[in-house]
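One structure below.
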């Protein structure tokens with residue numbers, strides 16, 4: 001049983017990230033161009049999945065975007081030109097790491113703002129002392145004494 005676990009662990013260690021480009025016809029014949037297209041696709045967000053890059057997504061739109069990226073790379077566009085072309089059509093949202101500018105401040109700083117608000121709320125909750133319980137009335141003391149006998 002132990003060798004099986006070791007073999008599985010070894011196989012998992014060798015496994016690279018999964019790519020949605022499973023159709024060989026989708027890949028460029030020139031290996032250097034294919035690597036450039038993959039690098040560009042890793043920087044762009046799948047507009048359907050939104051949490052995956054174009055290269056990692058298997059959505060139809062991602063497949064179309066990969067095809068466009070590869071066409072533009074084959075046509076001789078630089079990586080920056082391909083990304084600029086995508087941003088011109090889909091906006092900064094298509095980038096997995098949008099540039100830092102006033103329009104994207106909320107996107108970049110909202111996690112920090114959420115941490116500050118959560119930390120402040122936790123700090124206030126920890127500082128607040130619980131109210132002391134009111135003393136027992138004579139009738140409650142008698143009932144408690146009866147229960148404890």
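Read the figures in this text as sums done on the coordinates, not as results from a lab. A quick note: this is a predicted structure, and the numbers were derived from the prediction, not measured. When we count neighbours, we look across all protein chains shown, and the Cβ atoms used for this are built from the backbone with ideal geometry, even at glycine.
Largest mean-square fluctuation among 75, 132, 121, in a Gaussian network model of the chain whose springs join Cα atoms under 10 Å apart, belongs to 132. For the pair residue 85 and residue 58, label points projected 7 Å from Cα toward Cβ lie 2.7 nm apart. Full extension of the segment from residue 115 to residue 4, taken as 0.36 nm per residue of separation minus the current Cα-Cα distance, would add 35.6 nm. A simple spin-label model places pseudo-atoms 7 Å from Cα toward Cβ; at residue 131 and residue 103 they are separated by 5.2 nm. Under 1.5 on a/c is rounded, so check that first for the range 16-110, then, if it is not, pick prolate when a/b is larger than b/c and oblate when it is not; a ≥ b ≥ c are the square roots of the alpha carbon gyration tensor eigenvalues. Taking the square roots of the gyration eigenvalues as a ≥ b ≥ c, the range 16-110 is prolate. Using a cutoff of 8 angstrom between alpha carbon atoms and counting only pairs six or more residues apart, the relative contact order for the chain works out to 16 percent. What the Cβ-Cβ distance of residue 32 and residue 96 gives, at R0 = 25 Å and to the nearest 0.05, is a FRET efficiency of 0.65. The residue 75 and residue 50 beta-carbon pair, evaluated with R₀ = 35 Å, returns a calculated FRET efficiency of approximately 0.80. Using a simple spin-label model with pseudo-atoms 7 Å out from Cα toward Cβ, residue 67 and residue 144 lie 7.8 nm apart. Build a GNM of the chain with springs between Cα atoms under 10 Å apart, and of 88, 37, 114 the one that fluctuates most is 114.
Using only the alpha-carbon atoms, how far is helix 2-14 inclined from the longest principal axis of the chain? Give it as 0 to 90 degrees, nearest 10. Compared with the principal axis, the helix lies near 60 degrees. Taking other C-beta atoms within 10 Å as the exposure proxy, 86, 27 rank 27, 86 from fewest upward.
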